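Q: This structure is in structure tokens; I'll ask about it shortly.
The values are calculated or read from the model by the stated rules, or taken from the named source; none is laboratory data. The shown structure was predicted, so the numbers you read here are calculated from the model rather than taken from an experiment. Note: ideal-geometry Cβ built from the backbone for every residue, glycine included; neighbour counts use all protein chains shown.
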């Protein structure tokens, strides 16, 4: 297995994984939102980036999207791991841990301050992975919808 940045040839595979991820969260995004996300993922000027995990035959196993941004408590950027999804057929093979490890290695190379993410409290499978690779903070998230 190897992990690399998304590239234009990944579109169809990425879209299938992305739509499965959205379905997991009981969502379906409009086509224009998916198209905008794809453009952002490929735009080197965009802070939104993506990685894809592939098996030795080139079959996609999982994806992650992340956003690097300035941070008020450090002179270095931080990275928000926004989306992480592993194909149901590839689960329990360490793919999620390896995607996070790849992001962590990139962060060390690029001198980020930290990587952070959120998940639903009832996402026990993901939380089992996250509890192994990271420390859970005591912060509580609040939201205000603007639409």
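Q: Given the residues 36, 13, which is the only one that is in contact (Cβ under 8 Å) with a residue 40 or more places away in the chain and farther than 13 Å from residue 86 by Cβ? Can you show your working first?
A: Values: 36 fails: in contact (Cβ under 8 Å) with a residue 40 or more places away in the chain.
So the residue among 36, 13 that is in contact (Cβ under 8 Å) with a residue 40 or more places away in the chain and farther than 13 Å from residue 86 by Cβ is 13.
Q: So, one more: I'd like to check something: does the stretch 77-87 contain any residue that is assigned to a loop (DSSP other than H, G, I, E, B), without any contact (Cβ under 8 Å) to a residue 60 or more places away in the chain, surrounded by 10 or more Cβ atoms within 10 Å (Cβ to Cβ) and at positive phi? I'd like the intermediate steps shown before the answer.
A: Filtering the stretch 77-87 down to residues assigned to a loop (DSSP other than H, G, I, E, B) leaves 77, 87.
Next cut, without any contact (Cβ under 8 Å) to a residue 60 or more places away in the chain only: 77.
Imposing the further condition that a residue be surrounded by 10 or more Cβ atoms within 10 Å (Cβ to Cβ) reduces the set to 77.
Next, only the ones that are at positive phi stay: none.
No, the stretch 77-87 contains no residue that is assigned to a loop (DSSP other than H, G, I, E, B), without any contact (Cβ under 8 Å) to a residue 60 or more places away in the chain, surrounded by 10 or more Cβ atoms within 10 Å (Cβ to Cβ) and at positive phi.
For (1) over 20 Å from residue 99 (Cα atoms); (2) at pLDDT 95 or above; (3) surrounded by 11 or more Cβ atoms within 10 Å (Cβ to Cβ), each residue gets a yes or a no:
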residue	(1), (2), (3)
1	no, no, yes
11	no, yes, yes
19	no, yes, yes
53	no, yes, yes
56	no, no, no
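Q: Take residue 83 and tell me if it is under 17 Å from residue 17 (Cβ atoms) and out of contact with any helix residue (DSSP H, G or I) (no Cβ under 9 Å at 6 or more places or on another chain).
A: So residue 83 fails the test.
Q: Pairs please, first residue from the stretch 43-58 and touching a residue at least 12 places away in the same chain (Cβ under 8 Å), second anywhere and assigned to a loop (DSSP other than H, G, I, E, B) and surrounded by fewer than 18 Cβ atoms within 10 Å (Cβ to Cβ), Cβ atoms under 8 Å, 6+ apart in sequence or on different chains.
A: 53/1; 54/1; 55/1; 56/1
Q: To continue, here is another question. Looking only at residues that are in contact with a helix residue (DSSP H, G or I) (Cβ under 7 Å, 6 or more places away or on another chain) and at pLDDT 75 or above in the stretch 99-132, which one is surrounded by the most Cβ atoms within 10 Å (Cβ to Cβ)?
A: Only one residue tops the list, namely 100.
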